[in-house]
Amino acid sequence: MKHAATLPENRFARRMKSWALPVLLVLASSFVLLRSGSRVTWGELAAEWSRGGPALVLVFLAPAVGNALHMFGWRLLFLAEQRPRLWRAYRAFVAAQAGNEIGLGVMGEPVKVVALPRQHRDAAVAALVMDNATSAVALVAFFASLAAFVLALSPHSSLPRQAAMASVVGAAALLGLGLALWRGKRVASWASSFLRRGKGAHFRERARGTFAACRRLLAERPGAVAGAVTLHYLGKLWMLAEMLLVMHLLGCGSLRGGVLFSLASALGSLAGAPVPGQVGVLEASLLSTSEAAGVSLAAAIAIAVLRRARGALWILLGALFSSAFWSAHDDRGEVQA
């Protein structure tokens, strides 16, 4: 019994150690990337940050709104009697996002399942699958709307050749992905058929149950699915608001520049998903877009460093939140409501 009582603390200690190293690696790698190949001095960066003054605190607080919008979208996919309470759901979502930042975009997703009582785990898995599907549809809409704005504001021929080609190919690929995800019944049917040809009866049974729950959600509660897509889309638009905020505080803001930087950041996050913390990918996407966005190199690096510092803060906050869910486990794996 004594060993069972200390298990959550030991597990939390191990998780904290496993999260601390990636955070340090993200910060160290970002520092090396931003400093190498650049003649921007720390004095120039300090001058850029000094323009924002104390208001830069808003940059670190802004993700609270975006996380809340995404959390409401995820929570909407549960039935009323299954939904976690707002504060618990928010903590679970922040913890999951922190894990996703570190590992392949999916490492934190299990937190969204263990945050619910065991009797609601099946519903939590189905909601998790649908949450990722609706988020992907919202991401396609986000890319499409920002790309349409950029192309309407600037003729396609005036864009750099690589950016013009990427906009066409990327829009076509994302549109195809969005249509495939939106036709959830066909995707679920194909996946179920694939699993029947594989091995692992228990896994196949659980997967079939999850896909069946997703199909029921699409058929019986289309309004909840549409609401989740809308909330995720608003959450992604909030990323644009965050970018415009930091650019405004540093005195380099313009709507076109903010849209281009937001597109570059989102594409960098997508392309860098296999890279822990998207180390180097996000920075490269911002620095390569700085000229087109009309932002100086020093300002672009200052923005990148601020975003990394903010990301590290929210990763640590998510690690603290996750401790509550793991420490709530008893020796049977139950979660306190």
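For the range 225-324, would you read off the P(r) tail past 21 Å as a percentage of all alpha carbon pairs?
38 percent
Suppose the chain between TRP49 and LEU86 were pulled fully straight at 0.36 nm per residue; how much longer would it get relative to their current alpha carbon spacing?
9.8 nm
Using alpha carbon centroids, what distance separates the range 85-142 and the range 285-319, in Å?
25 Å
In percent, how large is the relative contact order of the range 35-117, given Cα pairs closer than 8 Å and 6 or more residues apart?
18 percent
Under the 0.36 nm per residue contour assumption, what length would be gained going from the current alpha-carbon distance of GLU291 and SER145 to full extension?
Contour length minus Cα-Cα distance gives 50.4 nm.
Every number in this text was worked out from the coordinates using simple rules, so none of it is lab data. Please read all numbers here as calculations on a predicted model, not as lab measurements.
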